[in-house]
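Undergrad: One structure coming up, written as structure tokens, with questions to follow.
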Amino acid sequence: MNRAFNYNKWEAYILQSGPAMPAIILVDSPTHPLPVPANLLLSSQLIRYPVDDWEDALTPWPAPALFAGGPPFGGQATSTLAAIERSLPTNESVTLCGYSLGGLFALWAFMSSARFCAAASLSGSLWYPGWLNWLTAHPRDLSGCGAFLGLGSKEAKGPRPLMRTVDVATDKTRQLLAGYGAKTAFRSFAGGHTHHMEERLSWGLGQLDRFLNR
């Protein structure tokens, strides 16, 4: 069931979504919504969560700007996670999916809160300063949980040296999550960071849906 979402009614929507059923929360942008394939069929409910300022709302701690003159990363993910948790139904199995910084947030929130049983990080910004150190220092028992990671084959050829570490960071992340007990899967996609986004979203959302309905 792929339901439409009113970006201004997040809390009302999730609380009035009907009988309890597994949910996939997709971290999304209200101005540039992620291109979820129109023909994607899911057994779980898909709920888009809008975030206006990705650099602040989706980063777990502050970090310098990547580009000269660009905004620094504000590190306000804790507030975003709290807002999501306040509105979650109490009895549903819930997973997270995110793209780019949304993918970083999905994994960080998954590791920070036992409320989520799985996460998918698609082209996740796992090059983020301090991410691997934090993940190593904050283990959690992930027995019975799932973690699904996808990355473009050319993403490690990005314009900034830090971003070129994304392939190594993604592989190390998968290893750590598997070591904590999660069922993990990785898929390499053709192209760079913004290529074939529908294909990547279809795979990630499908992995979460199958995990929820296994």
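Undergrad: Out of the residues in the range 89-110 that are in contact with a Pro (Cβ under 9 Å, 6 or more places away or on another chain) and open to solvent by 10 Å² or more (accessible area, probe 1.4 Å), which is nearest to Leu208 (Cα to Cα)?
TA: Ser93
Undergrad: Taking the condition more than 14 Å from the chain's Cα centre (by Cα) and open to solvent by less than 40 Å² (accessible area, probe 1.4 Å), does Leu42 pass? I'd like the intermediate steps shown before the answer.
TA: On the way: more than 14 Å from the chain's Cα centre (by Cα): yes; open to solvent by less than 40 Å² (accessible area, probe 1.4 Å): yes.
Criteria met by Leu42.
Undergrad: Residues being of a type in the set (A, V, I, L, M), within 17 Å of the chain's Cα centre (by Cα) and not in a loop (DSSP other than H, G, I, E, B): count how many of those fall in the range 134-157. Can you show your working first?
TA: Here is the first cut: in the range 134-157, the residues of a type in the set (A, V, I, L, M) are 135, 137, 142, 147, 149, 151, 156.
Now narrow it down to the ones that are within 17 Å of the chain's Cα centre (by Cα): 135, 142, 147, 149, 151.
Narrowing the set further to residues that are not in a loop (DSSP other than H, G, I, E, B) leaves 135, 147, 149, 151.
Residues flagged as of a type in the set (A, V, I, L, M), within 17 Å of the chain's Cα centre (by Cα) and not in a loop (DSSP other than H, G, I, E, B) within the range 134-157 amount to 4.
Undergrad: Can you tell me how many residues within the range 171-192 are touching a Gly at 6+ places or on another chain (Cβ under 7 Å) and crowded, with 17+ Cβ neighbours inside 10 Å?
TA: Residues meeting the conditions: 3.
Undergrad: Quick one: which residue in Thr170, Thr194 is over 16 Å from Trp131 (Cα atoms) and of a type in the set (Val, Ile, Thr)?
TA: Values: Thr170 fails: over 16 Å from Trp131 (Cα atoms).
Thr194 is the lone residue from the list that is over 16 Å from Trp131 (Cα atoms) and of a type in the set (Val, Ile, Thr).
Undergrad: Taking the condition of being more than 12 Å from the chain's Cα centre (by Cα) and farther than 20 Å from Leu66 by Cα, how many residues in the range 109-133 meet it?
TA: If we filter the range 109-133 for residues that are more than 12 Å from the chain's Cα centre (by Cα), which is where we start, we get 112-115, 117, 127-133.
Then drop every residue that is not farther than 20 Å from Leu66 by Cα, which leaves 112-115, 117.
Of the residues in the range 109-133, 5 are more than 12 Å from the chain's Cα centre (by Cα) and farther than 20 Å from Leu66 by Cα.
Undergrad: Step by step: first the residues of the range 193-214, then only those that are charged (D, E, K, R) and open to solvent by 40 Å² or more (accessible area, probe 1.4 Å), then the one that is nearest to Ala118 (Cα to Cα). Which residue is that?
TA: If we filter the range 193-214 for residues that are charged (D, E, K, R), which is where we start, we get 198-200, 209-210, 214.
After this cut, where a residue has to be open to solvent by 40 Å² or more (accessible area, probe 1.4 Å) as well, the list is 198-199, 210, 214.
Numbers: Glu198: 20, Glu199: 20, Arg210: 11, Arg214: 13 Å.
Ranking the candidates gives Arg210 first.
Undergrad: Any residue in the range 77-88 that is out of contact with any His (no Cβ under 7 Å at 6 or more places or on another chain), open to solvent by 10 Å² or more (accessible area, probe 1.4 Å), of a type in the set (Asp, Glu) and in contact (Cβ under 8 Å) with a residue 12 or more places away in the chain? Don't jump to the end; show me each part of the working.
TA: Step one: filter the range 77-88 for residues out of contact with any His (no Cβ under 7 Å at 6 or more places or on another chain), giving 77-88.
Filter again for open to solvent by 10 Å² or more (accessible area, probe 1.4 Å), leaving 78-83, 85-86, 88.
Remaining after also requiring of a type in the set (Asp, Glu): 85.
So of that shortlist, the ones also in contact (Cβ under 8 Å) with a residue 12 or more places away in the chain come out as 85.
Scanning the range 77-88 turns up at least one residue that is out of contact with any His (no Cβ under 7 Å at 6 or more places or on another chain), open to solvent by 10 Å² or more (accessible area, probe 1.4 Å), of a type in the set (Asp, Glu) and in contact (Cβ under 8 Å) with a residue 12 or more places away in the chain.
Undergrad: When residues of the range 32-54 are filtered for being at pLDDT below 90 and touching a strand residue (DSSP E or B) at 6+ places or on another chain (Cβ under 9 Å), how many remain?
TA: 0
Undergrad: Only one residue in Arg214, Arg164, Arg160 is under 23 Å from Ala63 (Cα atoms) and not in a helix (DSSP H, G or I). Which one?
TA: Values: Arg214 fails: under 23 Å from Ala63 (Cα atoms); Arg164 fails: not in a helix (DSSP H, G or I).
Exactly one of Arg214, Arg164, Arg160 is under 23 Å from Ala63 (Cα atoms) and not in a helix (DSSP H, G or I), namely Arg160.
The values are calculated or read from the model by the stated rules, or taken from the named source; none is laboratory data. These figures come from a predicted structure and were not determined experimentally. As a convention, Cβ positions derive from the backbone with ideal geometry for all residues, glycine included, and neighbour counts pool all protein chains shown. Calculation scope for accessible area: heavy atoms of the full protein, side chains included, ligands and nucleic acids excluded. Shrake-Rupley method; radii C 1.70, N 1.55, O 1.52, S 1.80 Å.
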